[in-house]
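We did not get these values from a lab; they are worked out from the coordinates using the rules stated. Worth saying up front: this structure is predicted, and the values here are computed from it rather than measured. Don't worry about glycine lacking a Cβ; one is built from the backbone with ideal geometry, like all the others, and counts go over all protein chains shown.
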Amino acid sequence: MNVYETGGTRPTALLAGPPSDAHTWNLLYLQLLMTELGWQVSNLGPCTPVRLLVAESARCAPDLVVISTVNGHGYHEGLTLIRSLRREAHLRDTPIVVGGKLGIDGPDDGSRLKRLRDAGYDDVFDGDGQVPRFQVLLDSVRHHARRQASPAPAVR
Ligand code: B12
């Protein structure tokens, strides 16, 4: 069980690029950012097969799964990917987010983002300038995970 206090275990994240996406520096950037913020990050790298993502998340039960994609296939591939992940019992309630450059015509009017959320992402970070909002999400997941990790007070 994770205990996110001094000396305890840090919150954990699985980070991956989807199967078609060969870009790497986006993943390294996020890995460094999250590590600096106190997370323990397992970076599965670019072009991560869905089977590997499913198997690794079963093995390490992360507090958060982060999908980063910049090659422009993010909307379409992101939909297929989240449907596959949410079919797995162990990933039904895990926070999963996607971000990067999701399309090829810039951030959209919101309708594609809504489809991604409706399909199962907890949040979507499309386009530049999303990192501050992502940090808020990280804080919120960390607090939630810490509450779950704390034993309930004894009732007398
Ligand atoms: C280097 C590069 C490549 C290299 C990648 C090498 C490697 N091993 O990484 C190579 C040559 C392989 C490549 C290939 C392609 N690329 Co390229 N590539 C780039 C380039 C020049 C730099 C990317 C980079 O490293 N940036 C540095 C990192 C740190 O920044 P970043 O990726 O933008 O990530 C930031 C944000 O997006 C954000 N972010 C990313 N993910 C997430 C997730 C979350 C949760 C959050 C909050 C934020 C976030 O945070 C990061 C820091 O700010 C960009 C153009 C550019 N100047 O950005 C094009 C670019 C990404 N490529 C592009 C394209 C189209 C391709 C190809 C399809 C080209 C082709 N026709 O073959 C292929 C796709 C290959 C594939 N299978 O994926 C387009 C994508 C278009 C779009 N989405 O609008 C870009 C934007 C170029 C362009 N202007 O058209 N590419």
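Tabulated data for the structure shown
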read-out: Cα-based helix-to-principal-axis angle, 131-149 vs the chain, degrees rounded to 10; value: 30 degrees
read-out: Radius 12 Å from Cβ of GLU88, net charge of other residues (Lys, Arg +1; Asp, Glu -1); value: +3
read-out: Cut-off under 5 Å, modelled amide H: who pairs with THR12 long-range; value: GLN40, ASP63, LEU64
read-out: Calculated FRET efficiency for the pair ASP105/TRP25, C-beta based, R₀ 25 Å, to 0.05; value: 0.65
read-out: With eigenvalues of the C-alpha gyration tensor scaled by 5 and rooted, the chain, Å; value: 27, 16, 16
read-out: Two-decimal ratio, segment 71-146, of alpha-carbon radius of gyration to 2.2 N^0.38 Å; value: 1.12
